[in-house]
Amino acid sequence: MRKKKINLKKEYNWRGDVSELLVKYNVGAYCWKPKYEEHYKFINENRSSIDLWKEDLNGNLVLYEVKSRNEDYKKKPDITEKSLKVYKKALRKGYVVKLIRVCFKEDWEIEFEERKFNPKDFRKNNGGYYRRKDGRTKIN
């Protein structure tokens, strides 16, 4: 039997994926096809820049930018210019955009912080490629 140990506090390549999964179930943001054609078109055109979305009970499109951090990390989260542009466009269209920060605590607890998306709360960083330990390549 082969065992593999991953420390989510140190494995930044995995933490983002795990954070999105946790938020997906915590806020009910399931990534299926939106009901409304206008929402579907926006999501389809910008899918690579949006972390999660849902339509609320009133039929409003809600977009989520998910960021993970350790509890002692206080700097602004990074965002690509492309994603920032998409979220600004969404705000102009009247869509709801939220930032959810997932904080990994020392005692295995996870804290979710949800706030209104504000472009000034981010640091632009276009990143690039990085190699995950599982061999897959991800583009930031």
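The values are calculated or read from the model by the stated rules, or taken from the named source; none is laboratory data. Keep in mind that this is a model prediction, so the values were computed, not measured. Note that we place each Cβ from the backbone using ideal geometry, even for glycine, and neighbour counts take in every protein chain shown.
In the set Phe104, Phe117, Phe112, only one residue is under 22 Å from Val18 (Cα atoms), of a type in the set (Phe, Trp, Tyr) and modelled with pLDDT of 95 or more; that residue is Phe117.
With Val102, Val96 as the choices, which residue is under 12 Å from the mean Cα position of the chain (by Cα) and surrounded by 13 or more Cβ atoms within 10 Å (Cβ to Cβ)?
Unique residue meeting the criteria: Val102.
Every condition in (1) among the acidic types (Asp, Glu); (2) out of contact with any strand residue (DSSP E or B) (no Cβ under 7 Å at 6 or more places or on another chain); (3) part of a strand (DSSP E or B) is met by Glu65 except one, and the failing one is (2). With respect to the conditions (1) within 15 Å of Leu22 (Cα to Cα); (2) in a loop (DSSP other than H, G, I, E, B), Tyr73 falls short on a single one, namely (1). Scanning segment 52-85 for residues being within 22 Å of Asn125 (Cα to Cα) and over 13 Å from the mean Cα position of the chain (by Cα) gives a total of 10.
Take segment 1-29 and flag every residue that is modelled with pLDDT under 85 and closer than 17 Å to Asn58 by Cβ. Gly28, Ala29 - these are the residues of segment 1-29 that are modelled with pLDDT under 85 and closer than 17 Å to Asn58 by Cβ.
From the residues in segment 15-55 that are closer than 22 Å to Glu109 by Cα and free of Cβ contacts under 8 Å to residues at least 12 places away in the same chain, which one is surrounded by the fewest Cβ atoms within 10 Å (Cβ to Cβ)? Selected residue: Tyr25. Among the residues here, Lys82 does not qualify as out of contact with any helix residue (DSSP H, G or I) (no Cβ under 6 Å at 6 or more places or on another chain) and among the basic types (Lys, Arg).
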